[in-house]
Amino acid sequence: MSPEAKTAALLVLNAGSSSLKFAVFAVEGRGLTQRYDGQMESIGAAPHFNLRDAAGARIAERQFAAGEAPKGHEGALSVILGALTPLLDGATIRAIGHRVVHGGRDLSAPVMITDAIMAKLRALVPLAPLHQPHNLAGIEAAARHFPGVPQIACFDTAFHRTQSYAAASFALPPRFFDQGILRYGFHGLSYEYIARRLEAEDAALGRARLVVAHLGNGASLCAIEGGQSRATTMGFTALDGVPMGTRSGQLDPGVVLHMLDSLQMKSADIAHLLYHESGLKGMSGISQDVRAIEAAGTEAAEAALDHFAFRVRREIGALAASIGGIDALVFTAGIGENAHGVRTRICAGLGFLGIHLDPEANVANCPEIGRTGDPVRVLIRHTDEEAMIAEHALAMINSC
Ligand code: ADP
């Protein structure tokens, strides 16, 4: 850490099923500067650790052989802290911010973690069985390593709690909504980060009608008006909406009933199919990675990319309709920020909304890729969920 940043730092943890991502921010006055980030991948198999400085240069890397692998998230955190401690140079960790996928209906903002909050978050495990237990394991591991240090949970669902009943409900008898069967939406920390950054760079964008396309391995889109979520493509789970790397996206529920009743498939097999064997990977038969699919150029690869683009385009139109128009379309996350060919496929046919790409700017992944003079701006912005979590954590400790 630089000498002026010696005294205080924030740690951000993002615990997934087999990974623990982290970022360290120096607290400088009321501002934050990212110093390090990295992750432990393949926890439970053949863990791989890497640590990068703020410029993205790799400063530590380790592949663990069988037998010396750190155990679970707790072991991963020990390795991470072992590498970070000398770099922190005596800085005090003021707080730890955690990404937590599900905050349920009630938690519409970040919260300080207490025993009562942990009980609430455990009760939400059935709503996000693939993610929530790992998020909570990260919190428990951090609590053991840093007793007494404030821990703050930031939720992927929270940003969407501004949606109307019409947007958040399913057309089921209301008792199902009352028992929590509703559209929660996800990727909220990414949308909040993008909305805040756009507002900071241009007040008009803060008031604007935005459709943000977060297209990564997980993919969703969100209609944002005046900085607030009005509608989003993911619903009760992170399976709904557009196709993803390996997830199917929206499916007629009758397909699932048919698989259960007529094809006699087990629910666990259907879950595996829909979460891990569908989407770009399932349709292309090649990979979940757009780069590999584009390089393959097979008929199935083309069909997968066309379907992905068709569904994203359709959702852009639907989300624009949900907020009465669109002032800016924003692409973010791995595919959104980098895959110019996919953006070209998506935007072809959106001319009726006033959306046209500037081909040169698009190929160069420029921040502004729409045609000059068009009524709708088309933007690329890098998302940073860890920075959003750090901002929330700082705001919370400053308010205590
Ligand atoms: P995650 O949801 O895991 O955070 P990312 O936002 O990192 O995912 O997106 C990862 C995906 O982005 C990759 O699987 C790949 O499809 C796509 N991607 C990343 N870089 C490029 C690139 N340069 N060109 C095309 N696609 C890319």
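The values are calculated or read from the model by the stated rules, or taken from the named source; none is laboratory data. This structure is a prediction, so every number in the text was calculated from the model and none was measured. We place every Cβ from the backbone using ideal geometry, glycine too, and count neighbours over all the protein chains shown. Heads up: the accessible areas ignore ligands, DNA and RNA and are worked out on the full protein's heavy atoms, side chains in. Shrake-Rupley method; radii C 1.70, N 1.55, O 1.52, S 1.80 Å.
Odds and ends about this structure:
- Surface analysis of the chain yields an accessible area of 44 Å² per residue, using protein heavy atoms and a 1.4 Å probe.
- The chain - percent of accessible surface contributed by carbon and sulfur, probe 1.4 Å: 55 percent
- With eigenvalues of the C-alpha gyration tensor scaled by 5 and rooted, the chain, Å: 33, 26, 23
- Student exercise, the chain dipole from Lys, Arg, Asp, Glu Cβ charges, in Debye to nearest 20: 600 debye
- Restricting attention to the chain, close to 70% of DSSP beta bridges with both partner residues there are antiparallel.
- Rounded to the nearest angstrom and listed largest first, the equivalent-ellipsoid semi-axes of the stretch 354-400 from its Cα gyration tensor are 35, 12, 6.
- Lysine pairs in the chain whose alpha-carbon atoms fall under 26 angstrom of each other, counting only those eight or more residues apart or on distinct chains, come to 5.
- Value of Rg to Rh for the stretch 274-400 (Rh from inverse mean 1/r over Cα pairs, i.e. Kirkwood): 1.05
- ³J(HN,Hα) computed for each position of the stretch 304-316 - Karplus, 6.51 cos²θ - 1.76 cosθ + 1.60, integer Hz, glycine/proline x: 5, 5, 5, 5, 4, 5, 4, 5, 5, 4, 4, 5, 4
- Projected over all directions and averaged, the alpha-carbon convex hull of the stretch 9-132 occupies 8.9 nm².
- Rg(Cα)/(2.2 N^0.38 Å) for the stretch 171-300, N = residue count: 1.26
- Equivalent-ellipsoid semi-axes of the stretch 193-237, from the Cα gyration tensor, Å, largest first: 21, 12, 7
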